[in-house]
Amino acid sequence: MSFELIRGACHHDCPDTCAWEATVAGGRVMKLRGAADHPTTRGQLCPKVNRFVDRVYHPERLLRPLRRVGPKGSGEFEPVGWEEAIDEAAARLSDAASAHGAESILQFSFDGTQGVIQKGIMADRFFDALGASDIRRHLCGVTAWMGGADVLGIPYGIDPEDLRHAKTLILWGTNTLLTNRHLWPTIEAAKSNGATVVVIDPIRTATAAAPEVDVFLQLHPGTDVALVLAMVNVMEQDELLDAEWLGDRTTGWAELRESAAAMSLATASSITGLAADRIEWLARTYATERPAAIRVLVGPEHRQHGRDIMRAIATLPAVTGAWRDSGGGLARSTQVYFEAALNFDGNRPQRREFNMATLGATLNDLRLEPPIKALVVHNSNPAVICPDQNAVIQGLQQEDLFTVVIEQFMTDTARYADLILPATTQLEHLDLMISWGHFYIALNQAAIAPCGEALANTEIFRRLAAAMDLDSPGLTDSDEDMIRQLLDSDHEWVQGITIEHLREAGWTRLNIPPGYRPYVEMAPATPDGRLQLGTLEFRSGHETVGGDPELAARYPLTLMSRKQHTKFLNANYGGFEAHLPHEGEPRLEIHADDAAARGIADGDRVEVRNDRGSLTLAATISQVVRPGLVTIPFGWWNRSTPEGRAVNALTNPAVGEDGKGSAFFHENLVEVARV
């Protein structure tokens with residue numbers, strides 16, 4: 001039997017975007033391994049993707065279109081042919097548009113794949129042509145972008161590979177060892193070169209407990225702004241800041257200095273729960289032991305004032321001039337580099353939008369004009385990932401809501417569909433892969449033909465467009481056409497990068513030199529070309545112990561949902577037994593003091609509740625949380641609890657008044673009682 005090696009790349013919502021090689025024989029994938037020559041992947045995939053071939057050939061994989069025959073949520077379906085499924089979907093969508101207007105159709109998608117093509121270019125063209133309502137895909141990442149942009153203009157960061165040069169390296173609200181594991185060798189290299197590694201997090205994560213970490217600062221949730229202000233105050237009082245840099249490169253220093261002067265060490269200690277001498281040490285170390293770098297992703301953003309937190313973190317390298325040093329500055333998402341370089345369509349029509357975090361309220365809003373009468377879900381499982389889960393499921397249960405779900409498995413969302421259309425996996429289709437954790441672009445080549453009757457997302461939307469007689473430009477483009485269009489850019493960062501080159505090499509780096517220093521070698525994209533400082537204030541969120549006193553009296557514990565399981569970090573694998581932790585169920589982590597006050601012993605069943613819902617779970621007495629904080633893991637499917645719900649039955653769906661930004665996922669007040 002002959003073997004063939006097909007190059008591709010992982011599609012998961014992860015900064016690592018690993019390059020891989022599939023070994024194929026007889027039209028079947030025999031083995032999948034990380035590309036050994038890729039500077040980030042280094043031959044290693046993660047524990048969840050090590051089982052990806054099993055997912056492709058899983059006996060529960062959906063391989064034929066299905067039509068609902070039982071009540072919504074029952075999971076009762078019958079197989080139908082593709083032509084019949086497409087015709088029915090097209091007819092029902094047309095009926096909704098005719099009766100209520102095209103805006104009564106809602107497109108819902110997110111990051112089930114991060115491949116640029118399969119994620120949504122053709123889907124967006126289809127719904128743009130239709131004039132359907134859209135969602136703001138702000139559930140994660142956008143608040144971090146906005147907070148960084150408040151200081152930096154376009155929030156570029158340093159190359160994460162350059163963190164190896166740092167002498168002070170702060171991992172701020174990011175569990176690198178687990179959720180960005182391929183960066184860890186770079187952290188180890190920095191440590192070997194003499195770096196002091198600091199973790200700032202309200203939870204003692206696997207990263208915080210790693211032997212490479214010198215100092216762990218376990219602050220109270222959501223108090224990061226107070227910590228930053230106190231650090232700036234110390235650095236200013238100790239004359240550790242560069243007056244020339246501040247004068248030449250920043251705007252608003254006087255206002256920030258005044259804000260910081262009001263945050264004494266004693267006040268910051270009271271707010272954050274950190275000892276004053278620890279805050280003072282951090283400020284002095286960060287200012288003097290250079291290069292000084294901060295690694296942050298999206299963890300701190302999921303709060304009412306998350307934008308302030310992300311802005312505050314971006315302020316630190318702006319006041320110290322850490323950007324001047326190779327290996328210094330802020331390492332955040334690299335996706336902005338790809339977005340600047342590739343030829344994305346910037347002339348799409350405006351459509352009615354809803355923040356995806358408010359899906360439950362949107363589906364159930366009888367005052368909407370027009371109301372949502374059809375829902376098309378692709379690359380997402382909103383019945384699991386959206387906050388206020390009870391409201392989401394109430395909306396999905398409506399008999400007059402026509403729902404199409406494009407999926408690979410019978411997810412919690414798919415169970416409420418009227419039609420399920422089977423989608424290909426990453427080993428069965430073509431895609432272009434960018435990254436938010438490094439500077440490498442990859443071509444994902446199909447290793448095998450689609451299993452069963454599965455179709456690529458792009459082909460499904462091409463067929464729907466044809467069935468609905470939509471004739472807008474681009475609706476018949478092939479996947480290769482769209483890749484060529486993206487690479488057909490005059491930006492210097494992608495010059496010479498072609499699909500032919502990627503077919504041969506598999507991956508390549510953007511044309512960005514090692515050691516590139518944003519805001520030194522380029523001016524910030526701000527109105528005056530300077531880094532923006534200005535007034536900064538610590539504020540407690542409404543649903544925190546420092547917010548609404550009446551609510552906090554009824555629900556005195558703060559709940560955070562977190563990604564913590566090595567074999568699954570998000571909802572893609574939360575329903576698969578081989579990926580679950582050994583206890584086989586989600587657990588509440590609670591500090592011994594809070595457990596004792598409630599008569600709870602390790603392993604007891606407890607009810608966790610607030611005004612949005614309740615869950616019954618086993619309790620684990622844990623030292624990873626401080627008193628007052630409890631955690632429940634994110635990503636479990638709803639069958640994991642007796643209520644048929646997961647952590648998002650409890651989480652906060654609130655977003656900013658302008659409807660933009662991430663939900664306040666991490667600001668949830670609850671009470672816990674022994675069952």
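The values are calculated or read from the model by the stated rules, or taken from the named source; none is laboratory data. No experiment lies behind these values; they were computed from the predicted model shown. Cβ coordinates were reconstructed from backbone atoms using ideal geometry, including for glycine residues, and neighbour counts include every protein chain displayed.
I'd like the residue in the stretch 138-175 that is in contact with a Phe, Trp or Tyr (Cβ under 7 Å, 6 or more places away or on another chain) and within 19 Å of residue 656 (Cβ to Cβ) and, out of all such residues, is modelled with the lowest pLDDT. Applying the filter and picking the extreme gives 139. Evaluation of residue 519 against the conditions (1) within 29 Å of residue 317 (Cβ to Cβ); (2) among the aromatic types (Phe, Trp, Tyr); (3) modelled with pLDDT under 95 shows that the sole unmet condition is (3). Residues in the stretch 249-264 that are under 26 Å from residue 525 (Cβ atoms), in contact (Cβ under 8 Å) with a residue 40 or more places away in the chain and outside any strand (DSSP E or B): 249, 252, 253, 255, 256, 259, 260.
Name the residues in the stretch 46-72 that are out of contact with any Asp or Glu (no Cβ under 9 Å at 6 or more places or on another chain) and of a type outside the set (D, E, K, R), would you? Step through it out loud before you land on a result.
Here is the first cut: in the stretch 46-72, the residues out of contact with any Asp or Glu (no Cβ under 9 Å at 6 or more places or on another chain) are 47-55, 57-61.
The answer is 47, 49, 50, 52, 53, 57, 58, 59.
Considering 70, 27, 43, the condition of being modelled with pLDDT of 95 or more, within 14 Å of residue 410 (Cβ to Cβ) and either surrounded by fewer than 16 Cβ atoms within 10 Å (Cβ to Cβ) or of a type in the set (S, T, N, Q) (or both) is satisfied by 70 alone.
Scanning the stretch 596-609 for residues that are over 15 Å from residue 560 (Cβ atoms) and either touching an Asp or Glu at 6+ places or on another chain (Cβ under 8 Å) or assigned to a loop (DSSP other than H, G, I, E, B) (or both) gives 598, 599, 600, 601, 602, 603, 604, 609.
Among the residues of the stretch 575-583, are any small (Gly, Ala, Ser) and assigned by TED's automatic domain parsing to the domain that holds residue 665? Scanning the stretch 575-583, I find at least one residue that is small (Gly, Ala, Ser) and assigned by TED's automatic domain parsing to the domain that holds residue 665, so the answer is yes. Residues considered: 647, 655. Of these, the only one that is of a type in the set (A, V, I, L, M), within 21 Å of residue 179 (Cα to Cα), in contact with a strand residue (DSSP E or B) (Cβ under 7 Å, 6 or more places away or on another chain) and not assigned by TED's automatic domain parsing to the domain that holds residue 302 is 647.
Every residue, every condition in (1) touching a residue at least 60 places away in the same chain (Cβ under 8 Å); (2) outside the structural domain of residue 640 (by TED's automatic domain parsing); (3) at positive phi, yes or no:
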position: 506; (1), (2), (3): yes, yes, yes
position: 553; (1), (2), (3): no, no, no
position: 573; (1), (2), (3): yes, no, no
position: 594; (1), (2), (3): yes, no, no
position: 598; (1), (2), (3): yes, no, no
position: 602; (1), (2), (3): no, no, no
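When 652, 570 are checked against the criterion of being at pLDDT below 95, crowded, with 21+ Cβ neighbours inside 10 Å and in contact with a Lys or Arg (Cβ under 9 Å, 6 or more places away or on another chain), 570 stands alone in meeting it.
Of the numbered criteria (1) in contact with a helix residue (DSSP H, G or I) (Cβ under 8 Å, 6 or more places away or on another chain); (2) more than 30 Å from residue 95 (Cα to Cα); (3) at pLDDT below 95, the one residue 229 fails is (3). Within the stretch 610-627, the only residue that satisfies the criterion of being in a strand (DSSP E or B) and closer than 11 Å to residue 593 by Cα is 621.
Condition check: of a type in the set (Val, Ile, Thr) and more than 21 Å from residue 93 (Cβ to Cβ). Does residue 362 satisfy that? First the steps, then the outcome.
Details: of a type in the set (Val, Ile, Thr): yes; more than 21 Å from residue 93 (Cβ to Cβ): no.
No, not satisfied.
Just one of the listed residues (183, 219) is closer than 25 Å to residue 435 by Cβ and modelled with pLDDT of 95 or more, namely 183. Beta carbons closer than 7 Å, at least 6 apart along the sequence or on distinct chains, pair a first residue in the stretch 432-460 that is farther than 25 Å from residue 180 by Cβ and without any contact (Cβ under 8 Å) to a residue 60 or more places away in the chain with a second that is of a type outside the set (Ser, Thr, Tyr) and surrounded by fewer than 23 Cβ atoms within 10 Å (Cβ to Cβ) for 450/428. Count of the stretch 185-204 residues, restricted to those that are in a helix (DSSP H, G or I) and buried (at least 19 other Cβ atoms within 10 Å of the Cβ), is 4. Among the residues of the stretch 535-562, those identified as in contact with a helix residue (DSSP H, G or I) (Cβ under 7 Å, 6 or more places away or on another chain) and either farther than 21 Å from residue 308 by Cβ or buried (at least 17 other Cβ atoms within 10 Å of the Cβ) (or both) are 536, 538, 543, 545, 557, 561. Residue-level check: of (1) touching a residue at least 24 places away in the same chain (Cβ under 8 Å); (2) aliphatic (A, V, I, L, M); (3) surrounded by fewer than 23 Cβ atoms within 10 Å (Cβ to Cβ); (4) over 24 Å from residue 179 (Cα atoms), residue 624 misses just (4). Per the conditions (1) crowded, with 22+ Cβ neighbours inside 10 Å; (2) in a helix (DSSP H, G or I), the sole criterion not satisfied by residue 207 is (2).
Condition check for residue 137 on (1) buried (at least 22 other Cβ atoms within 10 Å of the Cβ); (2) on the phi < 0 side of the Ramachandran plot: one failure, at (1). Kindly indicate whether residue 497 is touching a residue at least 60 places away in the same chain (Cβ under 8 Å) and either in a helix (DSSP H, G or I) or within 27 Å of residue 5 (Cβ to Cβ) (or both). No.
Here's a check for you: in the stretch 361-388, which residue that is surrounded by fewer than 21 Cβ atoms within 10 Å (Cβ to Cβ) and in contact (Cβ under 8 Å) with a residue 12 or more places away in the chain is farthest from the chain's Cα centre (by Cα)?
Of the residues in the stretch 361-388, the ones surrounded by fewer than 21 Cβ atoms within 10 Å (Cβ to Cβ) are 361, 364-371.
When the remaining residues are screened for being in contact (Cβ under 8 Å) with a residue 12 or more places away in the chain, the result is 361, 364, 370-371.
Details: 361: 22, 364: 26, 370: 30, 371: 29 Å.
Out of the qualifying residues, it is 370.
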